[in-house]
Amino acid sequence: MYFNHATAGALIMKPIMKKYDGLFTAKEKTALWFIGITSGVLPDFDIAYSVIKNLEDHRSFVTHGFFLYLLAFLVIYGFSYFQKKDEFGRKFFKVAAAVFLFGITTHLLIDSIIGGVAVFAPFYPKVFGFDLHIEQNGGNRLTQYLLSEYMILEFVLLFMFLIFLKGKEYFVPRFLSLFYFLIAAVSFVLVSLSFF
Ligand SMILES: [Zn+2]
């Protein structure tokens, strides 16, 4: 999927944040939203690299394997043992590590349905999941995708996001997700027009 990883991340985050509502300060909550939503788009940051290297499919790349993120998770979780203060202390890093892994997992799950991912990269290169079937639509990658049935899921996610993250308390996640949404859309347009 191309556009809605951040909004999907925010949707997954909502019940988690509700659960921990009373536990964290405003600053900590902002940081948690940031970690959750950013990890939802993080694997796609490799698009910059694939453009430079002119790689056709970035989803078979190590950035779409679980290994790197498992390491990052352990590092963030490990931090919790060294934090003695109240704010951004032990419990923050524990939840932050979980939220990070949730965001990444959401991304890889969605990508496995739409395109497939090499979950065990770099150790095992096989791509798991369903292929992207858009070539029959003609035109470049952009028009192919925009005409594909995957746009239904993109719209459903976007509408769910707009409905479920309404109100002042969700200003941070709304702003962040829409910001990433915009970046994803612009880079997808630029990349498909100039490379595919
Ligand atoms: Zn991806």
>> Suppose we keep only residues that are modelled with pLDDT of 85 or more and away from the ligand (no atom under 16 Å from the Cβ) within the range 37-71. Which one would you say is nearest to the chain's Cα centre (by Cα)?
In response: Leu70
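Every residue in the range 137-153 that is out of contact with any Ser or Thr (no Cβ under 9 Å at 6 or more places or on another chain) and in contact (Cβ under 8 Å) with a residue 24 or more places away in the chain, please.
Initially, the range 137-153 is screened for residues out of contact with any Ser or Thr (no Cβ under 9 Å at 6 or more places or on another chain), giving 138-139, 146-153.
If the condition is that a residue be out of contact with any Ser or Thr (no Cβ under 9 Å at 6 or more places or on another chain) and in contact (Cβ under 8 Å) with a residue 24 or more places away in the chain, then Tyr150, Leu153 are the ones that fit.
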>> What pairs come out if I take residues in the range 110-136 that are within 19 Å of Val156 (Cβ to Cβ) and aromatic (Phe, Trp, Tyr) and pair them with residues that are more than 11 Å from the ligand (Cβ to nearest atom) and part of a helix (DSSP H, G or I) whose C-beta lies under 8 Å away, six or more apart or interchain?
In response: Phe130/Ile113
> Take the residues of the range 96-108 that are more than 10 Å from the ligand (Cβ to nearest atom) and within 13 Å of Asn4 (Cα to Cα): which is surrounded by the fewest Cβ atoms within 10 Å (Cβ to Cβ)?
Replying inline: Thr106
> Of the residues Gln83, Gln136, which is away from the ligand (no atom under 13 Å from the Cβ) and surrounded by 13 or more Cβ atoms within 10 Å (Cβ to Cβ)?
Replying inline: Gln83
>> Could you list, ordered by first residue, the pairs with Cβ atoms under 7 Å in which the first is in the range 1-23 and modelled with pLDDT under 95 and the second is among the acidic types (Asp, Glu) and away from the ligand (no atom under 11 Å from the Cβ), at least 6 apart or interchain?
In response: Met1/Glu154; Phe3/Glu154
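The values are calculated or read from the model by the stated rules, or taken from the named source; none is laboratory data. Small disclaimer: the values here were computed from a predicted structure and weren't measured. Because the Cβ atoms are built from the backbone with ideal geometry, glycine has one as well, and the counts that use them run over all protein chains shown.
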